[in-house]
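Undergrad: Pasting a structure here, questions to come.
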C-alpha cells in the first residue's frame, strides 16, 4: 500500500513527501489474498485525528499504472501548450523533451505530478545532468510547477542532491517572499543530514532582510558567526541591507567599518543603499561619511551618487553645502543632471534664498548648461508662489542679452 493525499486523483506509483526523504514502494498484492483485492477495489480512506488532512490508502494494479504513463500529446492541446513545446531547445535530449512535454500538458485532474516524475525515472533512467536541464528550462519558462518539480527531484536518487540544490530552492522562495516554504526546505535539508553552511545561512539572512524581519535576520547572522569561519562580503552585505530596510543605517555603517577593519570590501550596491538611506532621512553627516567611504573604496562617484548627497543636504535644509557638493561634482568632471539642479533649487526655495538661486542659474547659463524640465518645474512653482514670474523672466532675458552682446565683443 502507499499513502498519498486524498484529492480524487488516480493512484500514484509511489508517494513522495516534499519535505522528507522517504519513498514508499507499493507492496505486491498477492494472488491469494482476497481481502487486499477488496481493499483495492474500495479504495477506502480514513481521517487522521486532531483535524489532520484526510489521507487515502490506495493500491494499484499494473494496468492502472500503465495507463498513467504519459498524457496523450495530440491536436487537442491548447495553443499556448503548442507554443511552449515549439520553444523547447533544439539540442535538448529526447529524454528531457519527453518529460518537458508532459509537464507542459499536465493538469491535476490527470493525476499527481510525483507519478509523472516517478514513471519518467523508471522508464528513462535520467542522470543528474538531465534533471538539471529540465529544472533550468522550467525556471526560464517561469513555469508554475518549477518549485514542485525541484522539491520532488531532491528526493530522487538519480538527482544526487547536494546542499547547493537546497540553497537554490530556498533562494528562489526567498525572492518570492515565500518564507514558510523556504523554511520548510531548510528543515527538510537538515533532516536529510545536510549541515547548514555559510552560503545557505546567508541566503536566509537575505530572505529575512527582504521580508523586513530584522529579528530573524539578526539571529541567523549570529548563527553564521557560530560556524567559526570568517564572514565574507555577501554575509555582511545581507545583514547591512537588513538594517537599511529596517531604517537603521547607523547599525549598517557599524558593520561596514567592521568589514574595513577585516579588509573585507563591500560591493558598490551596499554603499549606494547606505548612502540612499541617509539621504532619504536627511542625515547629511551620515551621507557625507558614506560618500567619503565610497571614494576611499575606489568607487568613482557618478551623478546618481552625487545627487543622493545633494538631496541629503537639501532635506537637512543646508543649501550652501548642497551647492558645494554640486560644485565639487562639476570639478570632478561629473556633469550635473537636471535632477541634481532641481534638488539644489529646492534647497534654496526651502530657505527662501531667491538671489542665491538666480546667481546659481546665471552661473549655469555662463557655462552653457540649460536647465531641464524638472528644474524648470521647481522654478515655476517657486516663482508662482512669489508672484514674480514676469519680473524674473525679464531679468533672465536681460541677462541673456548681455551675455550675447559680450560674446561678440
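Bear in mind these aren't lab numbers, they're just calculated from the coordinates by the rules spelled out. The model shown is predicted, which means the values in this text are computed figures rather than measured ones. Cβ sites come from the backbone with ideal geometry, for glycine too, and all protein chains shown count toward neighbours.
Undergrad: What percent does the relative contact order of the stretch 140-186 come to when contacts are Cα pairs within less than 8 Å and at least six residues apart?
TA: 26 percent.
Undergrad: How large is the convex hull of the C-alpha atoms of the stretch 113-245 per residue, in Å³?
TA: Expressed per residue, the convex hull around the Cα atoms of the stretch 113-245 is 116 Å³.
Undergrad: Also: Take every Cα pair under 8 Å in the stretch 267-400 that's 6+ residues apart, average their separations, divide by the length, and report that relative contact order as a whole percent.
TA: Relative contact order for the stretch 267-400 comes out at 18 percent.
Undergrad: Cut-off is 10 Å between beta-carbons; in what order do 321, 175 appear when sorted fewest neighbours first?
TA: Lowest to highest Cβ neighbour count: 175, 321.
Undergrad: Measure off 7 Å from each Cα along the Cα-to-Cβ vector at residue 177 and residue 351, then give the distance between these two points in nanometres to one decimal.
TA: Label-label distance for residue 177 and residue 351, simple model: 4.0 nm.
Undergrad: Which length gain, in nm to one decimal place, applies between residue 78 and residue 363 when the Cα-Cα distance is subtracted from 0.36 nm times their residue separation?
TA: Going from the current span to full extension adds 96.1 nm.
Undergrad: Based on the Cβ-Cβ distance from residue 215 to residue 332, what FRET efficiency comes out when R0 is 45 Å, to the nearest 0.05?
TA: 0.60
Undergrad: Based on alpha-carbon centroids, what's the gap between the stretch 72-105 and the stretch 186-263 in Å, whole number please?
TA: Comparing the Cα centres of the stretch 72-105 and the stretch 186-263, I get a distance of 41 Å.
Undergrad: Which stretch or stretches of the stretch 79-104 have amide N atoms under 16 Å from the point lying 7 Å from residue 124's Cα along the Cα→Cβ direction?
TA: Label zone hits: 85-104.
Undergrad: Where does each of 313-319, 254-260 land if you order them by average Cβ count within 10 Å, highest first?
TA: My ranking of the peptides, most packed first, is 313-319, 254-260.
Undergrad: Right, something else. Based only on other Cβ atoms within 10 Å, what is the fewest-to-most ordering of 245, 304?
TA: Fewest-to-most ranking of 245, 304: 304, 245.
Undergrad: Still on this structure: Mind checking the full-extension length gain between residue 88 and residue 250? Use 0.36 nm per residue of separation minus the Cα-Cα distance, one decimal, nm.
TA: 53.4 nm
Undergrad: Measuring from a point 7 Å past the Cα of residue 145 along Cα-to-C-beta, which residues in the stretch 72-109 have an amide N at less than 12 Å?
TA: 72, 98-109
Undergrad: Please list the three semi-axes, largest first and in whole Å, of the ellipsoid equivalent to the stretch 173-324, using sqrt of 5 times the eigenvalues of its alpha carbon gyration tensor.
TA: With the √(5λ) rule applied to the stretch 173-324, the semi-axes are 34, 16, 11 Å.
Undergrad: How do 91, 125 rank when sorted from fewest to most other Cβ atoms within 10 Å of their own Cβ?
TA: By the 10 Å Cβ count, ascending: 91, 125.
Undergrad: In addition: Please report, in whole Å, how far the alpha carbons of the stretch 267-400 spread along each principal axis, starting with the longest.
TA: 49, 28, 21
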